[in-house]
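Chemist: Before I ask anything, here is the structure I am working with.
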Amino acid sequence: MKPTRRYLVGGLFLALMLLGIAGRGLAADLLRVAGTVKSSQGKGVAGAHLVVLVDGRPVRPLGEAEELTSSNRGSFAGDFLLPAGTLPAARVALQASKPAWRTSAPLPLLVHGGDTDGKGRRHFAAVAELTLERQITPAFWLAAGILALVYLLIALEWLHRTLAALLGAALTLFVSYTLGVLDPRFFIISFEDAMHGVDLNVIFLLLGMMIFVGVLKRTGLFPWLAARAYGAARGNVFILAGMLMGITALFSAFLDNVTTMLLMIPVTLEIALTLRIPPLSLLIPEVFASNVGGTATLIGDPPNILIGSYANLTFAQFLQQLTGICVVGLAAAVAFFLFWYRRDYRRAQVGDFAATLARLKAEHRLTDRRLLGFGLGFLGLTIFLFIIHGTLHMEPSVAALTGASLLLIFSGVDIVEMLEREVEWPTLVFFMALFIIIAGAEEAGLIQFLAEGVRQLSGDSLPRAVVLVLWVSAVASALIDNIPFTATMLPIVAFLNQSLPGAQSGVLWWALALGACLGGNGTMIGASANVVTVGLAERAGHPISFTAYLKACLPPMLLTIVLSMFYLLWWY
């Protein structure tokens, strides 16, 4: 063979060998592993770390991520590149872990497939569902301590509730990124998960309704209605007290009950002083009525806003389930307070009714009818959107922000001034910080621990669970602010809805709403409207003691809870 031909054949043989080696290098086994990680109650576990073991050795997923983690709903999917010929003979297993959870035992996977693509890679797939069990770690006790500290600071009024909540949220994250970095057992919650825990639907819904109240406040509507109620009562103080309670309840159903009381208190004080009766004989029934009226709708009371957003309940569902019992409860409360303050009402000195009515009408007139027209018109539009938002699959906050934005545009009210003066930013910050604390408590396993305790007490009996949730919510809301209590109870009730037979009807949500909202009437610190009313009354020179408030409001509160209990047990 000639040298040139020899070199040509040798080069061709070498090229073929190199191509063969390259081809074998391109050939590989591509394994896709997908599935879900769930808790023992069947709820998806987010942020779980998943390790695929091939013949006992961990393999790294393709892509930029160093490890495979579950999504917010507990699902996961990842691709793994293995040497050619590894599958299907190799033993493949999956293991999951997460702080505050027990690491799962390696779960053997059944691998399917083997088809080859154009690149010479064989494709395999495996599906798995893992279950993680909670375990008590130092993070559990830290989360419990932080939550208890916040409750204590709020209940004893050592700090403003917004500052107390901010402190709790800051401690939750600070501990996670200091002690939690050094030892994962101390890690409570990540910043990303904390932000996911903030329910922006609640924040924007409150913001939109605050703008509505701020605009309507400028029209003089509330004092005008109170003066008209005085005229309609024709000097009869019993009728007047009942009408003031009705007006307060009606407006509290569609506006924030704290703001409703802020607008009603000044004119109520003036009417009481004119009649020479103790102002508290009108103010206490009004604030009680504001909490009852706020219970009837999705937007009437902050606990309902929390429940509706968490459980995805519609405005129409709240109206259908709670309006009837709230009307009955309001009627019972009116009857009680008319009897309780009967001596004060009988001592009223009506005097010259016509002259007094003329003075009240002169002092409390509608100040801006054009603005009132815009306000009521867009409020009506917003309420209509609330009613149909379930059909539209639209969050209530979208309706509130839409109506508030249109109102600001067409009314010409300065948005900067409105945001500075009328929006209660401390309340919004309080909610955001509270969401972070509750998310940390849930992530550390505290909420599930409490839910298991409630379930054991209920003995898997739905009627017993309804009574338990209703009365525990009522008593707790009377002792502490009902907003943080409701936020704590949300995941607990969600757990009970999944685990108790028959609870899928949603009756436990209504038990929580009635207990938290109506129970807040029991003491002066049970609801924000109570605290505001007592504070303004004291500033006006009419202080009321904790005991006096308790004597006046505890009996009708218990009466409304008993009525609610019979309603829930009968209806469901």
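Chemist: Once you have a ≥ b ≥ c as the square roots of the Cα gyration tensor eigenvalues for segment 424-498, tell me rounded if a/c is under 1.5, and otherwise prolate or oblate according to whether a/b is larger than b/c.
Modeler: oblate
Chemist: Let me ask you something else. Specify the angular offset, from 0 to 90 degrees and rounded to the nearest 10, of the alpha carbon long axis of helix 138-155 from the longest principal axis of the alpha carbons in the chain.
Modeler: So the helix axis and the longest Cα principal axis differ by about 10 degrees.
Chemist: Between residue 391 and residue 457, how high is the FRET efficiency from 1/(1 + (r/R0)^6) when r is the Cβ-Cβ distance and R₀ = 35 Å? Nearest 0.05.
Modeler: 0.40
Chemist: Rounded if a/c is under 1.5, else prolate if a/b beats b/c, else oblate: with a ≥ b ≥ c from the C-alpha gyration tensor eigenvalues square-rooted, which is segment 286-433?
Modeler: On the way: a/c = 2.12, a/b = 1.30, b/c = 1.63.
Oblate, since a/c reaches 1.5 and b/c is not below a/b.
Chemist: Taking N as the number of residues in segment 29-132, what is its alpha-carbon radius of gyration divided by 2.2 N^0.38 Å?
Modeler: 1.06
Chemist: Non-local amide H neighbours of residue 131 (under 5 Å, H modeled in plane, Pro and chain starts lacking H): which ones?
Modeler: Counting only residues 5 or more places away or on other chains, the set is 38.
Chemist: For segment 142-201, rounded, prolate or oblate, judged on the Cα gyration tensor with a ≥ b ≥ c (square roots of eigenvalues), a/c < 1.5 rounded, else prolate if a/b > b/c? Provide the component values of the computation, followed by the final result.
Modeler: Values: a/c = 2.68, a/b = 1.44, b/c = 1.86.
Note, shape of segment 142-201 comes out oblate.
Chemist: How long is the gain from residue 566 to residue 328 if the chain were fully straight, where each residue apart is worth 0.36 nm and the alpha carbon distance is subtracted? It would help to have the intermediate numbers written out before the result.
Modeler: Working: separation 238, 0.36 × 238 = 85.68 nm, distance 1.20 nm.
Extra length available between residue 566 and residue 328 comes to 84.5 nm.
Chemist: Continuing with the same structure: Any chance you could check the Cα centroid distance between segment 212-247 and segment 98-160 for me, in angstrom?
Modeler: 54 Å
Chemist: Against the longest principal axis of the chain, how steep is helix 369-392, in degrees 0 to 90 to the nearest 10, with axes from Cα atoms?
Modeler: The angle comes out near 40 degrees.
Chemist: Restricting the count to DSSP beta bridges whose residues both fall in the chain, what percent are antiparallel, rounded to a multiple of 5?
Modeler: Counting only bridges with both partners in the chain, antiparallel ones make up about 70 percent.
Chemist: Below 8 Å, C-alpha to C-alpha, sequence gap of six or more: please give me the relative contact order for segment 257-347 in percent.
Modeler: Numbers: 67 pairs, mean separation 26.5, N = 91.
Computed value for segment 257-347: 29 percent relative contact order.
Chemist: Along segment 48-59, what does the Karplus equation 6.51 cos²θ - 1.76 cosθ + 1.60 (θ = phi - 60°) give for ³J(HN,Hα), rounded to whole Hz, x for Gly and Pro?
Modeler: Coupling constants for segment 48-59: 6, 8, 10, 10, 8, 10, 10, 6, x, 10, x, 10 Hz.
Chemist: Please give the helix 353-363 orientation as an angle from the longest Cα principal axis of the chain, in degrees from 0 to 90, rounded to the nearest 10.
Modeler: Compared with the principal axis, the helix lies near 40 degrees.
Chemist: Volume per residue, Å³, of the convex hull around the alpha-carbon atoms of the chain?
Modeler: 200 Å³
Chemist: Mind listing which trypsin sites (Lys or Arg not before Pro) in segment 191-252 are in a DSSP loop and have 13 or fewer other Cβ atoms within 10 Å?
Modeler: Values: sites: 217, 218, 228, 234; in loops: 218, 234.
In loop regions of segment 191-252 (DSSP not H, G, I, E or B), the sparsely surrounded trypsin sites (Lys or Arg not before Pro) are 234.
Values quoted throughout were computed directly from the atomic coordinates according to the rules given, and no laboratory measurement underlies them. All values reported here derive from a predicted model rather than from experimental measurement. Here the Cβ is made from the backbone with ideal geometry for all residues, glycine too, and neighbour counts use every protein chain on show.
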